[in-house]
Amino acid sequence: MPDTPLRFDDLDSLRRTVAAWRGAGERIVLVPTMGALHAGHLALVAHGRAIGRRVVVSIFVNPTQFGPTEDFSRYPRDTEADLARLAEAGADAAWLPSVATMYPDGFATRIEPGPAAGGLCGDVRPGHFSGVATVVTKLLNQVGPDIALFGEKDFQQLQVIRSVVRDLDIPAEIAGVPTLREPDGLALSSRNRYLTPDERARAPRLHATLAEIAEGLARGAAAHPLLAEGIAALEAAGFGPVQYLELRDARTLAPLARAEREARLLVAAYLGKTRLIDNVAVLPA
Ligand code: AMP
């Protein structure tokens, strides 16, 4: 039986343990999650173990990053299954704050991230990145890691967090980890469990469409016609609405008309009631 990770729901005890590790000269890695852990999350833990001595995984379904009509209350929660997976993956500690611990009475501060949070998910999920930036800032202050790991699956989130950490001089390195996919290309996500069997069969078209467009862009084609064709192809495959399908600068996330520098192709689309997002790198033509 692998060791279960130390389990903390009290900030002082977490801080005492992390301080002891730091005192022993150990490098600390934080992996923030919302639980319902799958192999994509565990890839982050594995990466953390490869680069640090101690891996702390936070599990917190953050109410402030969900909109009023989003899936906060039905978001999957299964702490015991998550802890068993973390034991298998070799995480050292699980930080499991309650909503009252994170947002006690009188809590009144919010981080407003800059331009990286504009457009894409920032437009269709108002307030989402402010909620993400605020909770991640708190987690970084609570744990005080040397490095925090985030999946490229949520590419805009990764760039927003990089900008917040840079702007606020938070002393942690932020690193991105490539998206883990099913063999048919579907990006692993806690929300994939909402898909019906028919939707699950259609879902890989999301990544396939991105890959086809990326190939055209890498040959130097203009983005606009390819993106319009891509939206039509997704709708024909049963997706809709397609909230966005856009080519952006990989670093600043500024819109691009063609892949003249390192770029990212990003999509968000509903499949039935489930909102899926994905993105791929596009090399300069
Ligand atoms: P979540 O629990 O959805 O907030 O995700 C927690 C972290 O895991 C985020 O940094 C995500 O980007 C990352 N993540 C989620 N799915 C994947 C995946 N398929 N591959 C790599 N990282 C992922």
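The values are calculated or read from the model by the stated rules, or taken from the named source; none is laboratory data. This one's a predicted model, so the numbers in the text were calculated from it and none came from an experiment. FYI the Cβ positions are ideal-geometry reconstructions off the backbone, even for glycines, and counts take in every protein chain you see.
Residues that are within 16 Å of the ligand (Cβ to nearest atom) and of a type in the set (A, V, I, L, M) within region 4-46 comprise Val29, Leu30, Val31, Met34, Ala36, Leu37, Ala39, Leu42, Ala43, Leu44, Val45, Ala46, listed in sequence order. Checked against the criterion of being out of contact with any Cys (no Cβ under 8 Å at 6 or more places or on another chain), assigned to a loop (DSSP other than H, G, I, E, B) and modelled with pLDDT of 95 or more, the candidates Ala221, Ala233, Ala269 yield just one match: Ala221.
Taking the options Arg200, Arg205, Arg166, name whichever one is surrounded by fewer than 17 Cβ atoms within 10 Å (Cβ to Cβ) and basic (Lys, Arg).
Values: Arg200 fails: surrounded by fewer than 17 Cβ atoms within 10 Å (Cβ to Cβ); Arg205 fails: surrounded by fewer than 17 Cβ atoms within 10 Å (Cβ to Cβ).
Going through Arg200, Arg205, Arg166 in turn, the sole match is Arg166.
Scanning region 125-172 for residues that are away from the ligand (no atom under 16 Å from the Cβ) and among the charged types (D, E, K, R) gives Asp146, Arg166, Asp167, Asp169.
Among Thr69, Thr17, which is the only one that is over 17 Å from the mean Cα position of the chain (by Cα) and under 26 Å from Ile111 (Cβ atoms)? Steps first, answer last, please.
Numbers: Thr17 fails: under 26 Å from Ile111 (Cβ atoms).
After ruling out the rest, the residue left standing is Thr69.
Residues in region 26-77 that are in contact (Cβ under 8 Å) with a residue 60 or more places away in the chain, surrounded by 19 or more Cβ atoms within 10 Å (Cβ to Cβ) and of a type in the set (S, T, N, Q): 3 in all. The C-beta contact set for region 154-167 (first residue over 15 Å from Gly119 (Cβ atoms), second residue of a type in the set (Val, Ile, Thr), distance under 7 angstrom, 6+ apart or interchain) comprises Ile161/Val136; Ile161/Ile174; Arg162/Ile174; Val164/Ile111; Val164/Thr137; Val165/Ile174.
Only residues that are more than 9 Å from the ligand (Cβ to nearest atom), in a helix (DSSP H, G or I) and touching a Pro at 6+ places or on another chain (Cβ under 8 Å) were counted across region 173-204, and they come to 1. The single condition among (1) closer than 26 Å to Phe72 by Cα; (2) in contact with an Asp or Glu (Cβ under 9 Å, 6 or more places away or on another chain); (3) not in a helix (DSSP H, G or I) that His207 does not satisfy is (3). Filter region 234-258 down to the residues that are more than 24 Å from the chain's Cα centre (by Cα), surrounded by 17 or more Cβ atoms within 10 Å (Cβ to Cβ) and of a type in the set (A, V, I, L, M) and list them by number. Matches in region 234-258: Ala237 only. Between Gly176, Gly151, Gly106, the distinction of being under 17 Å from Leu265 (Cα atoms) and either free of Cβ contacts under 8 Å to residues at least 40 places away in the same chain or of a type in the set (Val, Ile, Thr) (or both) belongs to Gly176 only.
Okay, residues lined up against (1) crowded, with 20+ Cβ neighbours inside 10 Å; (2) farther than 25 Å from Arg16 by Cα; (3) under 18 Å from the mean Cα position of the chain (by Cα); (4) not assigned by TED's automatic domain parsing to the domain that holds Asp249:
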| residue | (1), (2), (3), (4) |
| --- | --- |
| Thr79 | no, no, no, yes |
| Asp92 | yes, no, no, yes |
| Ser98 | no, no, no, yes |
| Val124 | no, yes, yes, yes |
| Pro171 | no, no, no, yes |
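Just to be sure, is Arg53 in contact with a Lys or Arg (Cβ under 7 Å, 6 or more places away or on another chain), away from the ligand (no atom under 16 Å from the Cβ), in the same structural domain as Cys121 (by TED's automatic domain parsing) and at pLDDT below 95?
yes
Kindly establish whether Tyr194 is of a type in the set (Phe, Trp, Tyr), surrounded by 13 or more Cβ atoms within 10 Å (Cβ to Cβ) and under 26 Å from Leu42 (Cα atoms). When the stated conditions are applied, Tyr194 passes them.
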